[in-house]
Every structure is written in structure tokens, then in C-alpha cells.
């Protein structure tokens, strides 16, 4: 019986056990489903809450942005009204007016008048005006007024320099000139001297300049050095302290903006602007505002009508001419042209090598008693460049001849420049054969900056190298450039050289003259005249030479002038007549004066032969004449 019971119990256990396991599995599945549903519900609730918060934040942000935009537009409208109603130089301290008067600046020039309102009221502005029309002071004077009206609080502890104004310029020379002009403008006021930070100056000196007086209010810098100062103390593994901060920057000026926004410097400019996290005033200044500058301005500036200062008025009267000459003879042509210039002159060269060779020829051909020949190019270090401008300013009794590459084409102010000579048509940098009209404007802008009358801009171009079409294209804006003028006649060059020599003689003091007269041996009048002529020729370094060809400027060619009393000259007839006289191959024949005269180029060795043959009776058609063009 016991055995039967045990068997029944075992069978029941075997039957019931699987059922309990299935029930547990089902219960666990139900629990898992319930937990999943609860989790999903919680996620939906969290998602809904986040969505509501995001929508609320977006609405608040939009409201804040709309409020900020409305506030900004209201401020912009208020500034624009004030700019339109502003009176130029109103409220300027007497000390600043006296500083301007010391430089013969008593009334605002047009560019200064137009720029005053926008800049003094904090508006962005594009200041476009020809060279020598006061663009630098056009932005400096209103900025000085703002700094003087609201001086900054002196920092309580040492920290990075935090300027209120940064002026960026493309070259060291222009930056130095801007800094000097600022210091002269605010001399005697509470405004501090500006900090000049340029390449070629030790970095520690630039940092000292930034920190002087508790931190400079105004910084004038070249792009590379400004970028270096910004990086100072911010680089990886660098333990120096940060030296420059723009937390308090109010105004950023790009002087010569078209040059700064070229392919080389534009990354530094954009990097600087992208690093700003607050609103500031931006001013673009240049004699030539290119399409690239306008495009940049549309993306970076808030320009209103009053902020676009475009002045075409100029105080200067500059005569524009061109002369054909082979490139190899440009230095000698420069010497001949500068002999006739009684004022200072600037000679622009395309390369450093041409700059050096031209300066050497000028030193040999112009007497040191009358002229100082200076060079300015990329091979000079910073100290040498400063020395060049120091010598230029210190010269009182001799003319300055500056031979330079295009580093001198922008902004540099040299007094009494009566001649701007460009050796070669102005070309875009790195693109030979592509004309750059803007560069021409900047180059001749060095002449007559003080409004002097009689200043000239002359382009020497190589007609054999295909430059004539470029000069002709440039004449669309400057009509007198084309057609080209003949090189100066030898007699004119000698006369000018002798005048320079006589000028040097005039500067010899009377006691020295009396002493030399006493030491002279007894001379007849003829001997004395010959000795005087020889002395002047030696002093002026003049030699008798033939006239360069009128059409190509070659010293190896001569220009013959053919005339016909009855008119009707044609190139073919002129060539036929001269070849009959043994001229051989001829250059271009140019008919002038409605067919009554023609110019033709003949190799110098054959010119005398042709002239001698033409002197014989009947050698030329009746009514024709032939002579060398000497004047």
C-alpha cells in the first residue's frame, strides 16, 4: 500500500511541475510587458516635456532676438540721423585744432567733411577718395574726438592691452606714417600715443608699446604682426601671458582696404573679424574701392547712405604722359627725365633688380651736390627703411629722388613730388601682361600731394614687348597718356643738367668763391669760359649724345621727319623714297598733320647716310624735305 501511494505521488508531481513553470514564464512576460509600457510612457512624457521646453526656449530666444534687432535698428536710425545733422569738427578741442593748424590744415577737406558724421557717431563707413585728399585725417579726427570725449578708465591691475581702436595697414612704412600722424594730431591732449606694432621690430618692443601707460587706446599694425600678437600666449604648450585683447574694441580701420583684402592678407583680416564676439565699428579706407572690397563690405558691414563716403574731388593737378623706350634702357631714360625735374621725384620699378640698377645709374648721372638718391624695396631691413625716410625728411637744399618698388605706391607722404615716373605699365602682381589701373592711380598719387602745380606722371613702356595696348587702354581714364610723347631732346637734357649744376654752385658760400678766385691762374676770357663750361659739364655729368627714336625710344635708332609741301604723304611712298636713299629696312612710319609730315625710324648708322643722300639735288620727290627730328 505504501508503495502504491509513493507511485501516485511521483506521478502527480511529474504532471503538476511543468504547469507551474509555464505559469511563471507567463507571469514574467506580463511583468516585462508592463515595465516596457511604463518605460515607454515615461519616455513619451520626458520627450513631451523636452519638446515643450525647447519650444518655449526658442520662442524666448526669438523674442529676445527680435527685441535686440529692434533695439539695434533704433540705435542705427538714431546714429544715422545724428550723422546727417553733424557739423564737421564741431566740438574738437582747441589743442587738436591748433595741431591741425600747425600743418596748415584750417578747414576740412571734402573727404573729411563727409566722413565726420558717420565715423564720429560709430557708423560703419567706406571712405573712398583720391590720393592726397586727406583720407587718413578723415578717420583719425572723428576717432580722436570720440576717445577724448569718453576717456577710458585706467585698469587697476596689469592685464592684456585692450585697445579701443585698431588700424591695420598693408606696409610697415604706411603704418609708421599713420602712427606719426596720430601722435601729432593728439599732441598735448589727454589721449595717449598709439602703439605701433609692425614687422621688422623686435616682438618685445611691440609688446612694451602695447602696455605703455596701462595699455594703448590705439594700435596701428601690419596684418602679420597683429596676428602674431593675437596668438601670443594662446598657443599650445606656450606659457607666456596673453598680451592683446579685443574685449573693449570700438573701431577697426582697414587703411588701403583694397590691398589688405587681396589673396595674401585677407585670411588674417577675416580671422581677426571672425574672432570678435561683440558689435564694433568697421571703416574701409582707400583711394580705389574695388569690387572685391564692395563684396566684402556687403557681408561684414552695416552701411547706410551717410556711411559711403565716395569723394572724386582732388586738389591736385597732375599731367599724364607716356614715353616709349626699351626696357633695358629705362634706367637711362629715367636719368634724362629727372634731369629736367627741379623738385622731388619718385621712380617706380617692377623689380628689386631694376630698382637697384636705376638707382646706381642715377647716382652716376646726377651730381651729389643737387640730388639724394634713395632706394626703397623688399631687400632693405626695417632699420634701412627707417633711415631712408629720415634722410628724405632731413634734406633741405637737395632734391630727393626715391627709386622704389610698389611698396611706396600706397599712402606714403613725400613732400613736393613734381615727377612720378613709372618704368613699365602698371601690372597686376604676379600676372605679367595684365593691366592694373588701380595701381597706376596709387602710384601717381605720390605726386603733388600738397596741391603743387605742374606735377607730372610719366609711364615709360616697352613698345617692342607689347605694352603699347595697355597704355592705350589706360588712356581711357587719363586721355593725355596716349599717344606717347617723344623722349626729351638732348639739348633739353643738357640745359636741365646745367641748371642743376648752377644750382649747386649757388649754394657755395662767398668766402669759398673768393678764395678759389684768388687761386686761379690768369685766364683769358675764352679760357675762362671754356673752363667754366668744362666745370659745369663735369659737375652735371653731361655728354653730347644723339636723340632717341621718337617711336620706340631706342638709342640705336634715329627719327627722321619727312615733309611734303603739297601734303598727301602715305607710308608706302615714304618707305619707297627712303629705301632709294639706302635706308635699308625701316621701322614704323607714322603720318601726321593730315599727310603733310611723317616720322620714320632709321638705324643710327644709316641715318647719316640717308641724310647725306637726301641733300643731293633730285634725290627726293619734288616738294619733299628730310631732316632728323631733334626737337
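Here, each number is a calculation from the coordinates, and none is a lab measurement. As the structure is a prediction and not an experimental result, all values here were calculated from the model. Reconstructed Cβ throughout: ideal geometry from the backbone, glycine too, with neighbour counts over all protein chains shown.
Taking Cα pairs under 8 Å and at least six residues apart, what relative contact order does the stretch 318-491 come out at, in percent? Contact order relative to length: 35 percent.
Note on residue 590 and residue 369: with the Förster distance fixed at 41 Å, the Cβ-Cβ geometry gives a FRET efficiency of about 0.50. The packing ranking, built from the mean of other Cβ atoms within 10 Å per residue, places the peptides 344-357, 67-80 in the order 344-357, 67-80, highest first.
Rounded to 0.05, the FRET efficiency of the residue 387 and residue 51 pair, given R0 = 60 Å and the Cβ-Cβ distance, is 0.25. Of the listed values (1) 27.6; (2) 56.9; (3) 30.3, grab the one calculated as mean projected area of the Cα convex hull in nm² from the structure here. Entry (2). Extending 7 Å from the Cα toward the beta-carbon at both residue 190 and residue 543 defines two label points whose distance is 6.8 nm. Our summary gives the chain a relative contact order of 11 percent, counting only alpha carbon pairs under 8 angstrom and 6 or more residues apart.
Residue-normalised convex hull volume from the C-alpha trace of the stretch 318-491: 116 Å³ per residue. Out of the DSSP beta bridges found with both residues in the chain, what percent are antiparallel (nearest 5)? Rounded to the nearest five, the antiparallel share is 25 percent.
Could you work out the Rg to Rh ratio of the stretch 135-266, with Rh taken as the Kirkwood radius (inverse of the mean 1/r over all Cα pairs)?
0.95
Only helices enter this figure: runs of n ≥ 4 DSSP H residues, each worth -39500 (n - 2.57), summed and divided by the residues of the chain, yield -15000 deg cm²/dmol at 222 nm to the nearest 500. A simple spin-label model places pseudo-atoms 7 Å from Cα toward Cβ; at residue 33 and residue 294 they are separated by 7.4 nm.
Short-range pairs are left out: with C-alpha atoms under 8 Å and at least six residues apart, the relative contact order of the stretch 332-408 is 45 percent.
For the stretch 557-628, the gyration tensor built on C-alpha atoms gives an oblate shape. Its axis ratio a/c (a ≥ b ≥ c) is at least 1.5, and a/b is not larger than b/c. Ranked by the mean number of other Cβ atoms within 10 Å of their residues, highest first, the peptides 518-530, 417-429 fall in the order 417-429, 518-530. Spin-label model, residue 58 to residue 485: label points 7 Å out along the Cα-to-beta-carbon direction sit 7.2 nm apart. The length gained on full extension between residue 67 and residue 522, counted as 0.36 nm times the residue separation minus their Cα-Cα distance, comes to 154.0 nm. The length gained on full extension between residue 575 and residue 153, counted as 0.36 nm times the residue separation minus their Cα-Cα distance, comes to 143.6 nm.
Taking each residue as 0.36 nm, the span from residue 477 to residue 514 lengthens on full extension beyond its C-alpha to C-alpha distance by 7.8 nm.
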